[in-house]
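Some notes on the structure that comes next.
Throughout, read-outs are computed from the coordinates displayed, never taken from laboratory work. Not measured: the values here are computed from a predicted model. Positions of Cβ are generated from backbone atoms using ideal geometry, with glycine treated the same way; all protein chains shown enter the neighbour counts.
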Amino acid sequence: MVNLTVNLIKMKDIKTIDSLEYLENILQETTAVLLYFSTDSCIVGEALEPKVRYLLKSDFPKMDFYKIDINFSPKIAAKHSAFVEPTILVFFEGKETIRKSRNIGIQELHSAILRPYQLIYE
């Protein structure tokens with residue numbers, strides 16, 4: 001599961017989304033997607049992001065992670081009603097399946113993703 005030494009693991013290639021068209025293409029073409037809405041000024045979001053990325057890498061490797069900065073992509077945030085930071089939206093087969101905001105526990109997120117992920121991939 002999630003290791004408390006997440007900070008020691010260096011995550012590369014942060015994928016960002018800055019247009020609605022690009023996001024729609026991703027949601028149509030990718031089976032499992034996690035959208036991470038935050039800003040660079042959100043301390044909670046900055047602390048949680050590497051933990052979420054590690055969770056996906058270790059337990060849900062077929063799920064893609066995309067970061068959306070609410071300040072630079074307000075239309076995307078508005079379309080998906082992501083006005084609080086951080087907000088996590090999980091899509092399976094183009095449909096929003098999970099929505100978590102503010103106080104997000106990694107174990108809680110893991111439990112929420114596990115069942116639909118297993119139904120699709122196992």
For the chain, whose charge dipole is built from +1 on Lys and Arg Cβ atoms and -1 on Asp and Glu Cβ atoms, the candidate among F91, P116, A32 with its Cα farthest towards the positive end is P116
In the range 70-110, the chymotrypsin sites (Phe, Trp or Tyr not before Pro) that sit in a DSSP loop and have at most 14 other Cβ atoms within 10 Å of their own Cβ are F72, F83
Largest fluctuation, I70, I106, I14 only, Gaussian network model of the chain with Cα springs under 10 angstrom, belongs to I14
Counting only DSSP beta bridges fully inside the chain, the antiparallel percentage to nearest 5 is 65 percent
Under the 7 Å Cα-to-Cβ spin-label approximation, F72 and N103 lie apart by a distance in nanometres of 3.1 nm
Counting all Cα-Cα pairs in the range 44-102, those more than 19 Å apart amount in percent to 30 percent
Most packed first (mean Cβ within 10 Å per residue), the peptides 34-40, 58-64 order as 34-40, 58-64
At q = 0.13 Å⁻¹, the log10 of I(q)/I(0) for the chain from a Debye sum over equal Cα scatterers comes to -0.47
Between D64 and residues 5 or more places away or on another chain, the pairs with built amide H atoms under 5 Å apart involve A32, V33, L34
Within the range 15-121, pairs of Lys residues whose Cα atoms are less than 22 angstrom apart, provided they are eight or more positions apart or on distinct chains, add up to 24
Contact order relative to length for the range 15-121, counting C-alpha pairs under 8 Å separated by 6 or more residues, stands in percent at 33 percent
Mean projected area, convex hull of alpha-carbon positions in the range 17-58, reported to one decimal in nm², is 3.5 nm²
In whole Hz, the Karplus estimates of ³J(HN,Hα) for the range 111-116 (6.51, -1.76, 1.60; θ = phi - 60°; x where Gly or Pro) are 4, 5, 7, 3, 4, x
The ³J(HN,Hα) series, computed from each phi in the range 44-58 with the Karplus coefficients 6.51, -1.76 and 1.60 at θ = phi - 60°, rounded to the nearest Hz and given as x for glycine or proline, is 4, x, 5, 6, 7, 3, x, 5, 5, 4, 5, 4, 5, 4, 8
A correct Karplus calculation of ³J(HN,Hα) over the range 18-27, with 6.51 cos²θ - 1.76 cosθ + 1.60, θ = phi - 60°, whole Hz and x for Gly and Pro, returns 10, 9, 4, 5, 4, 4, 4, 4, 4, 5
